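> Sharing a structure, written as C-alpha cells. Questions coming.
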Amino acid sequence: MIQGNFIYINWEQVTNLVISYGISDADFVNGISEIPTRLVLINDQTEGNQFNNHTRFQTVNGQSFVREFLLNSSVQDKMWLDYHDPEDLDLMMPSEIAELLYMAHMKTHLHIPLYAKLQNEFTYLSVSRWLTKIYYRNLRNFYHVLDVSMKRHLRAIHSNRWVVFNRGLAVNDVSNDVLKQLASIFSEGAIIAFNEFHESSRRYQIPVLVQQHPEHSNWWRDQQDMFATADRVATLNYDVDDKRWSLTILDPVPFENDAEDL
C-alpha cells in the first residue's frame, strides 16, 4: 500500500480529470468554493438520506449532510456527482444511468461525466484510500484544493521536526505564479515529495519529480515503486521568515508545456 507525506497529480486536460494521491477529503472540502447541496451516490453506498426512484440511486440532500458525508472517514469508496435541482435526476436517460453504473464499476468514464442536465461541478471517484479521480468543471476549484493540501503537508513536516517544542507554523497561500509553474507538469504526472524535504536556514526545500510513465499509476504498490520511476525536475521552497513559496526549476524541459490559466 502506498503511504507517505507527498502529493501526486496527473491531470488529463481534455477531460478535466485530476488523478491525485495525498489530497485528503478535508483538503477537498476546505478547498472548493462551495459545498454542494445535493449528491447522487453512484455505487452501492447506503449513506444517503434519500432515494431517487428514477435512477435507483441513493442521494445526499442538504449542505450540512453533504459535508458530513464527504468528511466521513468510515466511507472508503466514495463515488458521487453533485446535481443542481431535485428534478434533474428524473431527466436522466437509461443510457446515462448505464454510464454512471459503468463508471462506478470500472472507475473510468465512457463520456466526460460533466452533464449539462445535472449542472454538476464535480464527479468524484475513490480508487483507494488516498488515490482519487475527480472531474472538475472549473479547474480553479482544484487549484484551491491543492493550495490547502500543500499547506497541510508543509505544516505536517514542520510539526514532526519540532514536535518537542510544539512549534506550529502559519503558512501563507501558494502564489498563483508558483501554481501556474507547477500546473505545466501536471499532465506528466508530478510528485511533490514533502517527505524528502531538506531544511536549511529556516527554508524548507521540497523535491518535485515527474513520472517517466504516468500511465502506470494504477500499477504502483508502494512509494518506492512510484519514486523509482520519477525524475527530479525542481525544488519547491518555503521561506519561514518571509512566508513565501517559490519554485527552483532544475530541468526546464518538462515545464515547457502550456499551463492552464488560473
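The values are calculated or read from the model by the stated rules, or taken from the named source; none is laboratory data. Keep in mind that this is a model prediction, so the values were computed, not measured. Please note: Cβ atoms are built from the backbone with ideal geometry, for glycine as well, and neighbour counts cover all protein chains shown.
> Restricting the search to region 109-129, which residues are surrounded by 19 or more Cβ atoms within 10 Å (Cβ to Cβ) and within 13 Å of the chain's Cα centre (by Cα)?
Scanning region 109-129 gives PHE122, THR123, TYR124, LEU125, SER126.
> Could I ask something else about it? Could you list all residues from region 187-211 that are among the hydroxyl-bearing types (Ser, Thr, Tyr) and over 20 Å from the mean Cα position of the chain (by Cα)?
Residues satisfying the conditions are SER200, SER201, TYR204.
> Of the numbered conditions (1) at pLDDT 95 or above; (2) not assigned by TED's automatic domain parsing to the domain that holds ILE249, LYS151 fails exactly one; give the number of that condition.
Result: LYS151 passes all but (2).
> Would you pick out the residues in region 149-162 that are crowded, with 21+ Cβ neighbours inside 10 Å and either in a strand (DSSP E or B) or of a type in the set (A, V, I, L, M) (or both)?
Of everything in region 149-162, those that are crowded, with 21+ Cβ neighbours inside 10 Å and either in a strand (DSSP E or B) or of a type in the set (A, V, I, L, M) (or both) turn out to be MET150, LEU154.
> Given the criteria assigned to a loop (DSSP other than H, G, I, E, B), of a type in the set (D, E, K, R) and either surrounded by fewer than 20 Cβ atoms within 10 Å (Cβ to Cβ) or under 12 Å from the mean Cα position of the chain (by Cα) (or both), does ARG140 qualify?
no
> Here's another thing I want to ask about it. Conditions: (1) farther than 27 Å from HIS213 by Cα; (2) touching a residue at least 24 places away in the same chain (Cβ under 8 Å); (3) among the small types (Gly, Ala, Ser); (4) buried (at least 17 other Cβ atoms within 10 Å of the Cβ). SER24 meets all but one. Number of the miss?
(1)
> Does THR55 qualify as being of a type in the set (Ser, Thr, Tyr), more than 13 Å from LEU125 (Cβ to Cβ), crowded, with 18+ Cβ neighbours inside 10 Å and in contact (Cβ under 8 Å) with a residue 12 or more places away in the chain?
For THR55, the condition - of a type in the set (Ser, Thr, Tyr), more than 13 Å from LEU125 (Cβ to Cβ), crowded, with 18+ Cβ neighbours inside 10 Å and in contact (Cβ under 8 Å) with a residue 12 or more places away in the chain - is met.
> Taking region 199-209 as the search range and keeping residues that are modelled with pLDDT under 95 and not basic (Lys, Arg), which one is farthest from VAL127 (Cα to Cα)?
It comes out as SER201.
> On the basis of being under 20 Å from LEU41 (Cβ atoms) and not β-branched (Val, Ile, Thr), does MET150 make the cut?
Answer is no for this residue.
Okay, residues lined up against (1) surrounded by fewer than 20 Cβ atoms within 10 Å (Cβ to Cβ); (2) polar (S, T, N, Q); (3) within 30 Å of ALA193 (Cα to Cα):
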residue: PHE6; (1), (2), (3): no, no, yes
residue: THR37; (1), (2), (3): yes, yes, no
residue: VAL75; (1), (2), (3): yes, no, yes
residue: HIS84; (1), (2), (3): yes, no, no
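> If you go through region 232-256 one residue at a time, how many are outside any strand (DSSP E or B), of a type in the set (D, E, K, R) and free of Cβ contacts under 8 Å to residues at least 60 places away in the same chain?
Count: 3.
> Looking at (1) of a type outside the set (S, T, N, Q); (2) loosely packed, with under 15 Cβ neighbours inside 10 Å; (3) at pLDDT 95 or above, which is the only condition ARG221 fails?
With respect to (1) of a type outside the set (S, T, N, Q); (2) loosely packed, with under 15 Cβ neighbours inside 10 Å; (3) at pLDDT 95 or above, ARG221 is out only on (3).
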